[in-house]
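The values are calculated or read from the model by the stated rules, or taken from the named source; none is laboratory data. If you're wondering where the values come from, they're calculated on a predicted model, not measured in any experiment. Cβ atoms come from the backbone with ideal geometry, glycine included; neighbour counts cover every protein chain shown. These accessible areas exclude ligands, DNA and RNA; they are computed on the full protein's heavy atoms, side chains included. Shrake-Rupley method; radii C 1.70, N 1.55, O 1.52, S 1.80 Å.
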Amino acid sequence: MIDLAETIRTIPDYPKPGIMFRDVTTLMGNPLAYEKAVDEMAAPWRETPIDQVIGIEARGFVLGGAIAVALKAGFVPVRKPGKLPFETISEDYELEYGTDALHMHVDAIGADKRVLIVDDLIATGGTALAAVRLARRANARIVGASFLIDLPDLGGAEHLRNENITVNALLAFAGH
C-alpha cells in the first residue's frame, strides 16, 4: 500500500529560508500514488452533484482535471494574469511578499453551477479565497474545496471554513 506522504519530496529553505517546500511533482510522477491521490481527493464528492471543478494554476490543473474526469464534471482553469485568451474577471490577493491575481474566463461558469475548488496545497488560503470570490462573482454554488496537502499552522483551511466552505485535505504537514 502506498503512503502518499512518503511520495512527496520536501525541499528545505525553498523559496526562502525557513520554508519547507512540499514538492508534489514526485507524487505525480508515481502512477500509483497519483491515481490514489486523485481517487481519494474525489471520493468525498462522488455522491454530491458537481457541474465543474475549478483548478488553480498550476498544480491544481494536474489534480483538478483528473478529479473533474473522475466526477464527470467540466474543468475550469483559474490562471495568473495574461494567460487566458478570452475576456476574464479577476481577483487580487495578498501574498507574504506582495500581491498577485487570478483570472477566469467571464463565461467559464454559469449561474447556479455547483463547483468544487481544487489545488495541490492550502497554506494561508489567499489563493483559494481568490478562487472562491471568482466563483461567487459568477454566481456559482461552491460545493467545497479539495486539497492534497493542508498546512494547518498557516490557517488557510480555517479561512475557507469561515466562508462556509467544506474543506477536504488528504495530508497535513506541520510548519510552513
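Descriptive notes on the structure:
- FRET E, pair Lys16, Asp100, Förster distance 25 Å, beta-carbon r, rounded to 0.05: 0.95
- Karplus 3J(HN,Hα) series, Hz, for the range 42-48 with 6.51 cos²θ - 1.76 cosθ + 1.60 (x for Gly, Pro): 7, 3, x, 10, 4, 9, 9
- Summing Cβ point charges (Lys, Arg +1; Asp, Glu -1) relative to the Cα centre of the range 112-176 gives a dipole of roughly 440 debye.
- Counting Lys and Arg as +1 and Asp and Glu as -1 over every other residue whose Cβ lies under 10 Å from the Cβ of Ala33, the net charge comes to -2.
- Using the Cβ of Pro12 as centre and a radius below 14 Å, the other residues enclosed give a net charge of +1, where K and R count +1 and D and E count -1.
- Counting heavy atoms of the protein chains alone, Asp51 has an accessible area of about 50 Å² for a 1.4 Å probe.
- For Val76, the residues whose modelled amide H falls within less than 5 Å of its own, excluding neighbours fewer than 5 places apart on the same chain, are Val53, Ile54, Gly55.
- Partner aspartates and glutamates for Lys16 [C-alpha distance under 17 Å; skip if fewer than 8 residues away on the same chain]: Glu96
- 10 Å-binned pair-distance histogram of the range 99-176 (Cα, whole percent): 20, 51, 25, 4
- Amide H within-cut-off set for Arg141, under 5 Å, with H built and near neighbours excluded: Asp112, Lys113, Arg114, Val115
- Accessible area in the full protein assembly, largest first, 1.4 Å probe, for Tyr93, Tyr14: Tyr14, Tyr93
- Within the accessible area of the chain (1.4 Å probe), percent carbon and sulfur: 51 percent
- Per-residue HN-Hα couplings for the range 75-81 [Karplus 6.51, -1.76, 1.60; θ = phi - 60°; Hz; x = Gly/Pro]: 10, 10, x, 10, 10, 5, x
- Rolled with a 1.4 Å probe across the full set of protein chains, the surface gives His105 an accessible area near 40 Å².
- Phi angles across the range 165-176 convert, under the Karplus curve 6.51 cos²θ - 1.76 cosθ + 1.60 with θ = phi - 60°, into 3J(HN,Hα) values of 10, 6, 10, 10, 9, 6, 10, 10, 10, 6, x, 9 Hz, Gly and Pro given as x.
- Counting only residues at least eight positions apart within a chain, or on another chain, the lysines with an alpha carbon under 24 Å from that of Lys36 are Lys72.
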